[in-house]
1. Go through segment 29-50 residue by residue and tally those that are open to solvent by 20 Å² or more (accessible area, probe 1.4 Å) and part of a strand (DSSP E or B).
2. Being of a type in the set (S, T, N, Q), touching an Asp or Glu at 6+ places or on another chain (Cβ under 7 Å) and buried (at least 24 other Cβ atoms within 10 Å of the Cβ), is that true of even one residue in segment 387-406?
3. Do you know which of the residues in segment 413-432 that are in a helix (DSSP H, G or I) and not hydrophobic (A, V, I, L, M, F, W, C) is least open to solvent (accessible area, probe 1.4 Å)?
4. So residue 21 clears everything in (1) within 25 Å of the chain's Cα centre (by Cα); (2) closer than 22 Å to residue 307 by Cβ except one condition, right? Which one?
5. Could you please find all residues in segment 239-254 being over 17 Å from residue 428 (Cβ atoms) and either open to solvent by 30 Å² or more (accessible area, probe 1.4 Å) or touching a Lys or Arg at 6+ places or on another chain (Cβ under 6 Å) (or both)?
6. Restricted to segment 11-28, and to residues that are in contact with a helix residue (DSSP H, G or I) (Cβ under 6 Å, 6 or more places away or on another chain) and in a loop (DSSP other than H, G, I, E, B), which residue is least open to solvent (accessible area, probe 1.4 Å)?
7. Being of a type outside the set (D, E, K, R), touching a strand residue (DSSP E or B) at 6+ places or on another chain (Cβ under 6 Å) and farther than 22 Å from residue 175 by Cβ narrows it down to one residue among 95, 155, 128, 143; which is it?
8. Could you list, in sequence order, all residues of segment 214-238 that are surrounded by fewer than 19 Cβ atoms within 10 Å (Cβ to Cβ) and either of a type in the set (A, V, I, L, M) or at pLDDT 95 or above (or both)?
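The values are calculated or read from the model by the stated rules, or taken from the named source; none is laboratory data. Every value quoted in this text rests on a predicted model; they were computed, and no experiment measured them. Cβ coordinates were reconstructed from backbone atoms using ideal geometry, including for glycine residues, and neighbour counts include every protein chain displayed. Each accessible area value is taken on the protein alone, full model and side chains, heavy atoms only, with ligands, DNA and RNA left out. Shrake-Rupley method; radii C 1.70, N 1.55, O 1.52, S 1.80 Å.
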Amino acid sequence: MCGILAVLGVADNSQAKRSRIIELSRRLRHRGPDWSGLHHHGDCYLAHQRLAIVDPASGDQPLYNEDKTVVVTVNGEIYNHKELREKLKSHEFRTGSDCEVIAHLYEEYGEEFVNMLDGMFSFVLLDTRDNSFIAARDAIGITPLYVGWGLDGSTWFSSEMKALSDDCERFMSFLPGHIYSSKNGGLRRWYNPTWYAETIPSGPYDPLVLRRAFEKAVIKRLMTDVPFGVLLSGGLDSSLVASVASRYLAGSAAAQWGSQLHTFCVGLKGSPDLRAAKEVADYLGTRHHEFHFTVQEGIDALEEVIYHTETYDVTTIRASTPMFLMSRKIKSLGVKMVLSGEGSDEIFGGYLYFHKAPNKEEFHKETCRKIKALHLYDCLRANKSTSAWGLEARVPFLDKEFINVAMGIDPEWKMIRPDLGRIEKWIIRNAFDDEQTPYLPKHILYRQKEQFSDGVGYSWIDGLKEHADQQVTDAMLAKASFVYPENTPTTKEAYYYRTIFERFFPKNSARSTVPGGPSIACSTAKAVEWDAAWSKNLDPSGRAALGVHLSAYDEGKTAAEAPLINGASSKE
């Protein structure tokens, strides 16, 4: 991952302004510690902090067309850049960077080229011939991007809020799958798949088609010129990523770093994830790295985590903290890129509350809502928790083509049907249930869903709640609606995170970038309506899905009060 900052149409282009933009760009250096670049043309500045993954030697940014009249600063990876270069035979390339195609595609196709890109990306492109510019973000919002406006009429774009929040009068999260054009005025959506309209698909379920689509998604993400690995929690999604990567590593560009895949896991000692990940790693023959953290170490990191993730969402902070700690350890080993399993639960209805979906129509619409919101939750967590330490996370489940295949299947196949032996995500489990050449052990392939913040150790969440109880008084929570009228925190844990967030990002625009509303086990507000009991037990933990999770909270108590059952301790 890299960090980009673009400031366009500034009233002041003095040396002091240039110094200020360099200073603000440095706030993104954790994302790209390998090199810094700045292009200044008239009243426009394009800055870049580089994390070198592809062509480390010559791919510094900003990047240009042949005569340097088109300038682009990019954060991301373009997996089909070699195929796109074949369409640009008349163009001269200066580097081996996968992102250089963007400048040449713009020359060839104008603003309509974005849908040709297969990858994760946020970019700003300046055409110095008429001082026009465009900015775009990938289909799902895997890479972060913010847009802001200054009092002097300037337009700002940044990978993270912290680089523009002080200097912009107003700012917001840039919508995924959208393009901003100075010529055409404002935002428009470039990503228009069939599923986006939430119409119910009727396509057949072919396990082999689904399997091959996912394998292709993993293989294309093995494009790297630096050491890499896989984040392995031992759950279904990360285990499938590791299995496919291990199976196809030898024939990929990544094989230059050895034939044995590296895998990484984090958790409290004795946690469910650590045990399952070790078993999967042994089965696949990976070189496995297991990292431990304590509840206190996690609590001590909370301020840094909230600063880097730029959110006060409870679920995101719970899950980001162990990922943040693990990323630092991974980077210390010299690894710069990892594959991760985000997105599967949204596509296949893997969260435990999907057990209560009343019909296939509601099931499908909820998956659509969840995918559309990923940029505010799991994509934000996976990107910013890792980028805090200069580590790039790639997510094969969010491949555009794979999503098209998976979201085109009749949702009846995704429904959780105990009477037919179908647990959550049965559709993808069955696709990889190969008796001849097994991808995973059966009991791992059919392991119940654990949210990352639960799987690292149940006492992690309980420890966070206990800590928040000590920091936030009953009186503080009772007056929360007066102190925080927007997205009012309803628990002490949420209140505690909000106070930290507001110290770093005190503006109204900042708090508005974080979503709100009721949720049960990571559901949208709409899905809370599926079960009347849920409205009394709102908590984002998977254990709040009463009657579903094997270690569910006691149904007679609220999620905030309940101890764990089935022998798990509520303290470390």
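1. 6
2. no
3. Here the answer is 429.
4. Looking at each condition in turn, residue 21 falls short on (1).
5. Of everything in segment 239-254, those that are over 17 Å from residue 428 (Cβ atoms) and either open to solvent by 30 Å² or more (accessible area, probe 1.4 Å) or touching a Lys or Arg at 6+ places or on another chain (Cβ under 6 Å) (or both) turn out to be 246, 248, 250, 251, 253.
6. Once the filter is applied, the top-ranked residue is 28.
7. So the residue among 95, 155, 128, 143 that is of a type outside the set (D, E, K, R), touching a strand residue (DSSP E or B) at 6+ places or on another chain (Cβ under 6 Å) and farther than 22 Å from residue 175 by Cβ is 128.
8. 216, 220, 226
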